[in-house]
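Below is one structure; the comments refer to it alone.
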Amino acid sequence: MKQHIPPAFINFAAQLKRRRKMLGLSQEALALVADVDRTFVSQIERGIGNPSLLIMTRLAAALEIDLYRLLQPEHISDTDDEFTL
């Protein structure tokens, strides 16, 4: 049975990846600055990690962006199916 992923979570994953790439950061570099494991950054970006509010705040700070901006929708060219478990 597939589990529905809330839109805010999908937005966070997509915006996190977009902002990280825009800043030219690797997942490892972002993880180091945010004090989280690199594999967890990868899981979040792929929609399979479930970050706490604290982790989301650390990631936003590391990306020098307000958390609410990472939760806003953006046009995602790929289907949302990759975020459906």
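The values are calculated or read from the model by the stated rules, or taken from the named source; none is laboratory data. Worth saying up front: this structure is predicted, and the values here are computed from it rather than measured. Heads up, the Cβs are rebuilt from the backbone with ideal geometry, glycines too, and the neighbour counts pull from every protein chain shown.
Of all residues in the stretch 16-50, those satisfying the criterion of being crowded, with 17+ Cβ neighbours inside 10 Å and at pLDDT below 95 are 47, 49. Residues in the stretch 1-31 that are closer than 11 Å to residue 44 by Cα and over 9 Å from the mean Cα position of the chain (by Cα): 27 only. Scanning the stretch 19-65 for residues that are over 21 Å from residue 7 (Cβ atoms) and either of a type in the set (Asp, Glu) or touching an Asp or Glu at 6+ places or on another chain (Cβ under 9 Å) (or both) gives 23, 27, 28, 31, 35, 37, 38, 58, 62, 64. I'd like the full set of residues that are touching a residue at least 12 places away in the same chain (Cβ under 8 Å) and under 14 Å from residue 33 (Cα atoms), limited to the stretch 44-58. Result: 55, 56, 58. The residues of the stretch 64-85 that are modelled with pLDDT of 75 or more and either under 14 Å from residue 45 (Cα atoms) or not in a loop (DSSP other than H, G, I, E, B) (or both), listed by number, are 67, 68, 69, 70, 71. Among the residues of the stretch 59-68, the ones that are exposed (fewer than 15 other Cβ atoms within 10 Å of the Cβ) and within 14 Å of residue 38 (Cβ to Cβ) come to 0 in all.
The single condition among (1) modelled with pLDDT under 95; (2) among the polar types (S, T, N, Q); (3) surrounded by 15 or more Cβ atoms within 10 Å (Cβ to Cβ) that residue 3 does not meet is (3).
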